[in-house]
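To start, the structure under review is shown below, and the notes come after it.
Rule-based calculations on the coordinates, nothing more; no lab input. Computed from a prediction, not measured in an experiment: that's the story for all the values here. Methodologically, a virtual Cβ is constructed for each residue, glycine included, from the backbone with ideal geometry; neighbour enumeration extends over all protein chains shown.
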Amino acid sequence: MLNYFYYIHEESINITLGNWINLGDLIIPYGIILDPLAMTVLVPVGIITICVLIYALAYMAHDPNRNRFYIILSIFAIFMTILVISDNYLMMFIGWEFVGVISYLLISFWSTRIAAMKSALSAILLNRMGDTFFVIALGLIINYYKAVDFDTIILLSPYMNTILLNILGLLLTLAACAKSAQLGLHAWLLLAMEGPTPVSALLHAATMVCAGVYVLVRSFPIIEYAPTMLLALCWLGGLTTLVSGLIALVTNDIKRVIALSTMSQLSIMVLAIGISSYDLAIYHLYCHAFFKALLFMGAGSVIHSVISETQDMRKYGGLINYLPFSYVAILIASLSLMAIPGLTGYYSKDIIIESLYGTYTFSGYILYYIAVASATLTSLYSLRVLYLTFLSTPKGNKYTYNFVHENVGMLIPMIILIIYSIYLGYNRDNVIGHYAMGLPMNNNFIETEYTLPTIIKLMPLILGISLSSFLVYTYEFTYKLNNNKIYDYFNNRIYFDQLLNNMIIRKTLWMSGYLNRYIDQGLLRVIGSTGVSRAITYINVLFIINVIYIFMRYIYILIYLSIT
């Protein structure tokens with residue numbers, strides 16, 4: 001018991017290595033903080049990075065540039081660690097920025113593939129958009145708080161102007177939307193699946209996509225006193241989790257389905273932040289990382305074993321007899337993702353969904369039913385992945401199935417993650433509902449635990465299991481391919497990419513070309529460096545002509561005087 005209380009009240013460790021800027025009353029330190037929040041996030045980052053590196057040794061064994069891949073992956077882990085343990089926003093921004101840049105190198109690792117290069121470019125450009133909002137927020141924090149360290153911001157935020165806090169909350173939310181792939185800036189996440197599977201397992205399960213949620217939780221004093229932003233975060237999370245679930249239900253690329261489930265689970269974390277349950281958000285981030293990395297590794301094992309390396313689930317089928325361990329891994333990870341009681345995902349995910357109802361607000365009721373719908377969709381597309389990949393009739397040719405095998409090197413890290421995916425959630429009560437993570441206490445969980453009707457608690461489970469069973473029955477006995485308008489709409493990802501390209505990117509490129517033609521190559525050529533250099537050249541010519549003219553006049557006068 002004494003150890004328990006020591007853990008709860010353990011003090012944070014601040015290590016200041018020096019100061020970057022001492023300018024009047026502005027001091028920007030160069031330091032790290034080891035508080036319960038940083039240490040909680042550091043655990044999945046560290047464990048999954050090690051597992052992914054072991055996995056990559058087998059997965060990339062025949063790649064000629066594998067050493068470069070390991071180096072870039074390790075550098076990514078270093079900057080992710082800097083992002084997590086930084087004690088101020090400026091250092092956090094450095095980690096944030098490098099994580100985005102290195103993700104470009106990892107997604108475009110197979111640089112001879114045009115699809116990989118285009119995807120990496122899309123990822124870095126959309127992330128840069130989020131970085132822009134982060135920089136503006138950083139500038140406002142420096143201007144109004146005269147500090148960037150978290151301790152000062154926690155102390156001053158209750159006394160700051162609510163409009164300023166709402167603006168800062170909005171800017172940080174937009175930055176998090178880009179990094180954590182929330183609706184509006186999510187297009188890069190699916191394209192990023194063009195990279196190698198170890199990249200997907202690390203970046204898009206445990207580290208980079210969780211950075212946005214981590215920054216929002218770190219900024220809890222700003223968001224907590226900006227109630228408008230809390231409500232906006234709730235609805236952003238609700239819409240994103242529903243849309244991503246509907247798109248995943250009709251997606252056929254195995255890695256993209258898992259990526260969409262990541263997007264959906266991140267939205268659940270955003271929902272938790274929206275109801276001020278920051279401990280629940282971080283706990284779900286902590287638990288989710290392990291079974292999502294396991295899902296990606298299982299998918300990588302399937303892709304790696306199929307000779308054509310296709311990611312289309314419709315070309316698999318019957319692989320349970322060839323890849324039994326991969327089937328078990330994906331089954332356990334999927335059940336954990338579906339929040340089946342007794343597995344890790346249940347402990348962190350269900351309490352967030354219940355807490356939405358437990359707030360007893362109008363938005364909370366509506367968002368509860370949206371989250372239940374999302375959880376049901378999660379069960380449906382998880383079972384669809386299992387059915388199409390392992391249980392259905394084999395769709396490939398006999399030659400392909402002759403080469404399907406499991407790689408022992410890939411199985412070792414998957415065993416570790418299977419254990420975490422089963423047992424990790426049991427420690428929930430030591431984490432939620434008190435100051436264990438260094439976050440403010442929230443009493444919503446008391447309402448959730450003791451006042452909710454049983455049907456509200458069981459609804460996600462009942463709907464998930466019943467509709468999943470109905471899906472299997474449909475696929476086995478009554479399946480007819482009927483591509484209607486709704487199917488096409490979600491299969492084309494709500495046509496968001498087309499809207500983004502036609503409404504924003506094309507017009508931006510047109511304006512950029514126009515400005516380049518008339519400003520960069522036009523006006524600035526005349527009054528800028530080119531114009532000035534030409535003017536100087538022209539002046540020099542005139543000066544030389546003038547000197548020659550004076551010299552000739554001088555010679556003429558001398559000759560005239562000598563004659564006379």
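Counted by Cβ distance under 11 Å from P440, the other residues give a net charge of -2, where Lys and Arg count +1 and Asp and Glu count -1. For the peptides 152-161, 246-255, 282-291, 377-386, residues were scored by their other Cβ atoms within 10 Å and the scores averaged per peptide; the highest-first order is 282-291, 377-386, 246-255, 152-161. Each Lys and Arg contributes +1 and each Asp and Glu -1, all at the Cβ; summed about the Cα centre of the chain, the dipole is approximately 2120 debye. For Rg and Dmax of the Cα atoms in Å, the value calculated from this model appears in [x] 25.5, 100; [y] 28.8, 126; [z] 34.6, 112 under label [y]. Run a plain Debye calculation on segment 252-305 (Cα atoms as equal point scatterers, no solvent) and give log10 I(q)/I(0) at q = 0.17, 0.18, 0.21, 0.25 Å⁻¹, rounded to two decimals, same order as the q list. Log10 I(q)/I(0), no solvent term: -0.57, -0.62, -0.75, -0.91. Each of T228, T112, T241 was scored by other Cβ atoms within 10 Å of its Cβ. Listed from fewest to most, they are T112, T228, T241. Positive-end ranking of F403, T454, Y278 along the dipole of the chain, with charges on Cβ about the Cα centre, is headed by F403.
Report, to the nearest 10°, how far helix 278-305 tilts away from the longest principal axis of the Cα atoms in the chain, using its own Cα long axis and a range of 0 to 90°. On a 0 to 90 degree scale, this one is about 90. The count of lysine pairs in segment 21-491 that are at least 8 places apart or cross chains, and whose C-alpha atoms lie under 16 Å apart, stands at 6. Principal-axis analysis of the Cα atoms of the chain puts helix 254-274 at an angle of about 90° to the longest axis.
Of all segments of the chain bounded by GluC sites (Glu not before Pro) found in a DSSP loop with no more than 10 other C-beta atoms within 10 Å, the longest spans 12-308. Considering only I82, A187, Y145, and ranking their Cα positions along the charge dipole of the chain that arises from unit charges at the beta-carbon of Lys, Arg, Asp and Glu, the one farthest toward the positive end is A187.
Estimated from helices alone, the mean residue ellipticity of the chain at 222 nm is -22500 deg cm²/dmol (sum of -39500 (n - 2.57) over DSSP H runs with n ≥ 4, per residue). Projecting the Cα atoms of L236, L383, I167 onto the charge dipole of segment 21-491, computed from C-beta unit charges around the Cα centre, puts L383 farthest toward the positive end.
Inter-part distance, segment 375-403 to segment 286-319, computed on C-alpha centroids, equals 10 Å. Quick check: Cα centre of segment 84-111 to Cα centre of segment 153-195, how many Å? Spelled out, the Cα-based centre of one part sits 16 Å from the other. Computed over neighbours whose Cβ is under 15 Å from that of A371, the net charge equals 0, Lys and Arg +1, Asp and Glu -1.
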